[in-house]
1. Report in % the part of the accessible area of the range 4-108 that belongs to carbon and sulfur, leaving out ligands and nucleic acids; probe 1.4 Å.
2. Using the basic label-point model (7 angstrom from Cα toward the beta carbon), what is the E110 to E85 distance in nanometres?
3. Per residue, how large is the accessible surface of the range 4-108? Use a 1.4 angstrom probe and give square angstrom.
4. May I ask you to list the GluC sites (Glu not before Pro) in the range 17-74 that are in a DSSP loop and have at most 16 other Cβ atoms within 10 Å of their Cβ?
5. Calculate the FRET efficiency for E38 and K58 from the Cβ-Cβ distance with a Förster distance of 41 Å, rounded to the nearest 0.05.
6. Please give the contour-minus-distance gain from E72 to M9: 0.36 nm per residue of separation, less the Cα-Cα distance, rounded to one decimal in nm.
7. For V100, what charge total do you get from the other residues with a beta carbon under 14 Å from its beta carbon, if Lys and Arg give +1 and Asp and Glu give -1?
8. Taking 41 Å as R0, compute the FRET efficiency from the Cβ-Cβ separation of N20 and Q97 and round it to 0.05.
Amino acid sequence: MAATVYEGMFILDSNHYARNPSGVSGKIEKMIQDRGGEILASRLWVEQKLAYPIEDHKKGTYWLTYFRMTGEQLKPLNRDCQLNEDVLRQLILKVDQRLVDTLVSHALGESTSTEEPAAEEGAEAAPAAVATEG
């Protein structure tokens, strides 16, 4: 079976991550590699208040990972995440092959050829998204 590229968003226990950032994030990479996956990009996304408590946690650390793996290994990987005390939730999505290079380079912080043009001098840039709490 051919390997496919996946995007994994993991919500980690913020308390565990604050005490040992490389250890907690390293567990994510190790779980993927133990299942035969290849890490393409892995980085901290954001730490923020959760929309609703998960196992009495009100804050979560979001970890973004792009990896290549066979589809038959996804179910065992999801099970590994459920058993890992550092992972509160995970979402793994299949990435369209046409988007892989762009998404991985963006996650790695590399520039792409489709960057937005610079704003005119003196003009304020509009925010890309506005979050509201309610």
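The values are calculated or read from the model by the stated rules, or taken from the named source; none is laboratory data. Just so it is clear, the model here is predicted, and its values are computed rather than measured. Here the Cβ positions follow ideal geometry from the backbone for every residue, glycine too, while neighbour counts run over all protein chains shown. Heads up: the accessible areas ignore ligands, DNA and RNA and are worked out on the full protein's heavy atoms, side chains in. Shrake-Rupley method; radii C 1.70, N 1.55, O 1.52, S 1.80 Å.
1. Numbers: 2960 of 6130 Å².
So the carbon and sulfur contribution to the accessible surface is 48 percent.
2. It is 3.8 nm.
3. On the way: 6130 Å² over 105 residues.
Per-residue value: 58 Å².
4. Working: sites: E29, E38, E47, E55, E72; in loops: E55.
Passing sites in the range 17-74 are E55.
5. On the way: r = 35 Å, r/R0 = 0.84.
According to the calculation, E is roughly 0.75.
6. Result: 20.8 nm gained on full extension.
7. Details: positive: R68, K94, R98; negative: E7, E38, D96, D101, E110.
Residues close to V100 contribute a combined charge of -2.
8. Working: r = 35 Å, r/R0 = 0.86.
With R0 = 41 Å, the Cβ-Cβ based efficiency is 0.70.
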